[in-house]
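Asks: Sharing a structure with you now.
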Amino acid sequence: ASLGRSWMLTQRGFWRWFCLAVTAYVIGFPFAGVSALGDFPGARAQALAWSGLSGTAFDVLFVLLSSLMLGVSIALRASVLTVYYADCRVRREGSDLEAGVRA
């Protein structure tokens, strides 16, 4: 029932949702990109040579840093889409108009 209501609320604003989703992705990309750096061939070896850390210390530091950055990225994206959903509800239910009449 809740998914049906969400679909009903957002089906008319596809392009608005699409632009917000792309914007949220672009905002979160630098944070998510930190964890993607470890996937490049030779990146770990080059980082080890540059930092002077042991392999284990580097791995622990990289996992902590990439987890933090992915968490920030996901939180940014989720907050943007949550605000969009709340905006759709306010527009659909007319809460913004009701508040304007009372003021």
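Asks: For residues that are of a type in the set (Phe, Trp, Tyr) and either assigned to a helix (DSSP H, G or I) or touching a residue at least 24 places away in the same chain (Cβ under 8 Å) (or both), tally how many sit in the stretch 34-52.
Replies: Of the residues in that region, 1 qualify.
Asks: Could you please find all residues in the stretch 1-53 being closer than 30 Å to GLU93 by Cα, among the polar types (S, T, N, Q) and open to solvent by less than 80 Å² (accessible area, probe 1.4 Å)?
Replies: Once the filter is applied, which keeps residues that are closer than 30 Å to GLU93 by Cα, among the polar types (S, T, N, Q) and open to solvent by less than 80 Å² (accessible area, probe 1.4 Å), the stretch 1-53 yields SER2, SER6, THR10, THR23.
Asks: Still on this structure, I have one more. Looking for whichever is among the aromatic types (Phe, Trp, Tyr), in contact (Cβ under 8 Å) with a residue 12 or more places away in the chain and either in a helix (DSSP H, G or I) or out of contact with any Asp or Glu (no Cβ under 9 Å at 6 or more places or on another chain) (or both) here; the options are PHE18, PHE31. Which one fits?
Replies: Going through PHE18, PHE31 in turn, the sole match is PHE31.
Asks: List the number of the failed condition for TYR84; all other conditions in (1) among the aromatic types (Phe, Trp, Tyr); (2) at pLDDT 80 or above; (3) open to solvent by 50 Å² or more (accessible area, probe 1.4 Å) hold.
Replies: Condition (3) is where TYR84 drops out.
Asks: Give the stretch 15-62 a look and list any residue that's under 23 Å from the mean Cα position of the chain (by Cα) and farther than 23 Å from ILE74 by Cβ, or say none.
Replies: Once the filter is applied, which keeps residues that are under 23 Å from the mean Cα position of the chain (by Cα) and farther than 23 Å from ILE74 by Cβ, the stretch 15-62 yields only TRP15.
Asks: Given (1) among the charged types (D, E, K, R); (2) over 29 Å from TRP7 (Cβ atoms); (3) at pLDDT 85 or above, where does ARG77 come up short, assuming only one miss?
Replies: Result: ARG77 fails condition (2) only.
Asks: Give all pairs with beta carbons closer than 9 Å in which a residue from the stretch 56-84 that is more than 13 Å from ALA24 (Cα to Cα) meets a residue that is surrounded by 16 or more Cβ atoms within 10 Å (Cβ to Cβ) and among the charged types (D, E, K, R); count only pairs at least 6 apart in sequence or on separate chains.
Replies: As it stands, the answer is PHE58/ARG44; ASP59/ARG44; PHE62/ARG44, since those pairs meet every condition given.
The values are calculated or read from the model by the stated rules, or taken from the named source; none is laboratory data. On a predicted model such as this, the values are computed, not experimentally measured, just so you know. Here the Cβ is made from the backbone with ideal geometry for all residues, glycine too, and neighbour counts use every protein chain on show. The accessibility values were calculated without ligands, DNA or RNA, using every heavy atom of the protein model including side chains. Shrake-Rupley method; radii C 1.70, N 1.55, O 1.52, S 1.80 Å.
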